[in-house]
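Engineer: Structure below; questions to follow.
Values in this text are rule-based calculations from the coordinates and carry no lab data. Everything quoted here is computed from the prediction, not taken from an experiment. Here the Cβ is made from the backbone with ideal geometry for all residues, glycine too, and neighbour counts use every protein chain on show.
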Amino acid sequence: MDVGKRVSKGIAYLHWLNGITTFSFAILFSSLSLYLTKRIGLSQTESNGIVGFFLASNFILHFVSGYIGDRFLNNRLLFAISTLIQTLGLIVLNFSDSFVYLGLSLFLIGCGLGSTCINCLITQQFTGHENELREKAFFHNYSAMNIGFLSGYVMSGFIDIHDRYDRLFEVSNLINLITVFFIIKSWRYFAKNKVNTMDELKRGRLGLALIILIIPILLAGFYCSWLANGLILFIGAAALFYITLLGRSLSTHNARKKIYSFVFLTGSSIVFWMLYFVGPMGVTQFLKYNVNIYIASNYIPPQWLMNLNSIFVIIGSPIAITLFDKLRKKQITISISKQFMCSLVFIAMSFLTLTIGIMNCGTEGLTSMVWIIAHYLLQAIGELLIAPVGYAMIGSLAPEKLQGLMMGIWMMASGIAATLSNYFSNLMTQSESLNPLVSNEHYMSAFTQLGLYAIFGALILWFCSKTIENSIQKTSVEAIKGMA
């Protein structure tokens, strides 16, 4: 087969695989908090701890996947193994509620390790000079991922309408079987040279051992989520402290300033994503019990409302690219630090909007859906301002010998943020009451605090922006231009 056609087919299969695996993940993840409280019987605080650990572990496993894929198993084989383990996890979850933590641990192996493999496989389909083709492939892959999230949230919404949370795992397992079919169908397109799978497995025995070792670690984390979340925060703080110490040892003042700017911007991104990840925990419960989610007499599941963020991001991405391109042509540049600052302002506004919504709720304590739409719109604008520039920031600030470490820390930042979001979600659910007239007070206090924290972070960024801008050579406009 012609090399160009082989690569084209391989890319197409990877887009399908990304969309399908994201669909499976979104079905379970969007309903996990409600499943744990309504089906398993956990308190909202316990559920927040589990969901927080689930989300944080998913991001940290992305980093682990890169390590295993680079050193022990090729990404093609690692993706196949992780998908089979994920399927086994769904079978366990469907078999008995008593093994929910074991099932979630196995499921996490698949979704945590698999997504990094897909990105690496896409990269491997191109040569070093095919930058434009690679960028287009990642753009389409991002679209496939968002389609997967949209589809998954819609499906889980139907499950919530009928209150059949046992169907979560049956549907996800069906999707995983389709994934296995696509892996078998596309297997030959992801190897540059002819290789024997059994030989690959023999060479990757240490990688297999590491994957098996991850399972009991995750299982222990679910049983002691408070301890595991604390450990994640400790590791994250230690990593930031370590990179700061390395920065102090650099020879030039400019190099040291770049490291300090990286640490500061990473801290700012943690604040943003911490607020962003409050959604799957505290905000989901708020949508379920404290919002008037009926249009006429039709019930709108919380998962469908969560879809608003993805819809706004999908619509807003080309608009943002066009807007920044026009600004660039007019010689107007917006620095990375200013984009981070604006993203914090927008997410602060999104939570303060919910506070205003609660203040204007009806006699039954239910908030109008208009405020929820405004919340997700403002949140999506903030996401569009911060999400595309992270990797460009590392390219601007990281010395060559520290790029791998700084990239790993940047990837871990989302896991740290997810862990912190668990603690703030607990502020919302202190009352454990499902009566909105009782719980609204806690939600309003939590939303106000979160909004003020984001504004405080934005003010600090504003005061330090000159120093950060002086240490960054590339602008955020160049980062967004690279997405087009």
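Engineer: Give the calculated FRET efficiency between I295 and T252 to the nearest 0.05, with a Förster radius of 60 Å applied to their Cβ-Cβ distance.
Structural biologist: It comes to 0.50.
Engineer: With a point put 7 Å past each Cα toward its Cβ, work out how far I319 is from I91 in nm, to one decimal.
Structural biologist: Here the answer is 4.7 nm between the modelled labels.
Engineer: Next up: On average, how much area does the Cα convex hull of the stretch 242-311 cover when viewed from any direction, in nm²?
Structural biologist: Its Cα hull, projected and averaged over all orientations, spans 6.7 nm².
Engineer: What's the exposure ranking of Y276, Y260, going from fewest to most Cβ atoms within 10 Å?
Structural biologist: Neighbour counts put them in this order, fewest first: Y260, Y276.
Engineer: On a 32 Å Cα-Cα criterion, which of the cross-link pairs K185/K288; K9/K258; K258/K326 come out too long?
Structural biologist: Flagged as over cut-off: K185/K288; K9/K258.
Engineer: Moving on. With each pseudo-label sitting 7 Å past Cα toward Cβ, what's the K466-I215 distance in nm, one decimal?
Structural biologist: 5.8
Engineer: Note down the net charge around I358, summing +1 for each Lys or Arg and -1 for each Asp or Glu among other residues with Cβ under 14 Å from its Cβ.
Structural biologist: -2
Engineer: Here's another thing I want to ask about it. Using each residue's phi in the stretch 445-459, evaluate 6.51 cos²θ - 1.76 cosθ + 1.60 at θ = phi - 60° and report the 3J(HN,Hα) Karplus result to the nearest Hz, with x for Gly and Pro.
Structural biologist: 4, 5, 4, 5, 4, 4, x, 5, 4, 5, 5, 4, x, 5, 5
Engineer: Here is a follow-up. When V263, V345 are ordered from fewest to most other Cβ atoms inside 10 Å of their Cβ, what list results?
Structural biologist: V263, V345
Engineer: Quick check on the exposure proxy: order T284, T322 from fewest to most C-beta atoms within 10 angstrom.
Structural biologist: T322, T284
Engineer: Using the Kirkwood formula on the Cα atoms of the stretch 292-362, what hydrodynamic radius do you get, in angstrom to one decimal?
Structural biologist: Here the Kirkwood hydrodynamic radius works out to 15.3 Å.
Engineer: What is the set of long-range amide H partners of T367 at a cut-off below 5 Å, with H atoms built 1.01 Å from backbone N?
Structural biologist: Amide H neighbours of T367: V291, N292.
Engineer: Hey, rough spin-label estimate for R39 and F99, points 7 angstrom out along Cα→Cβ, what's it come to in nanometres?
Structural biologist: Using points 7 Å along Cα→Cβ, the separation is 1.5 nm.
Engineer: Can you give the FRET efficiency to the nearest 0.05 for R205 and F182, using r as the Cβ-Cβ distance and R₀ = 22 Å?
Structural biologist: That gives a FRET efficiency of 0.25.
Engineer: ³J(HN,Hα) across the stretch 415-423 via Karplus (A = 6.51, B = -1.76, C = 1.60, θ = phi - 60°), whole Hz, x for Gly/Pro?
Structural biologist: My calculation for the stretch 415-423 gives x, 4, 4, 5, 5, 4, 4, 4, 5 Hz in order.
Engineer: Determine ³J(HN,Hα), in whole Hz, for all residues of the stretch 345-357 in sequence, where each value follows from phi through the Karplus function 6.51 cos²θ - 1.76 cosθ + 1.60 and θ = phi - 60°; x replaces Gly and Pro.
Structural biologist: 5, 5, 6, 5, 4, 5, 7, 5, 4, 5, 4, 4, x
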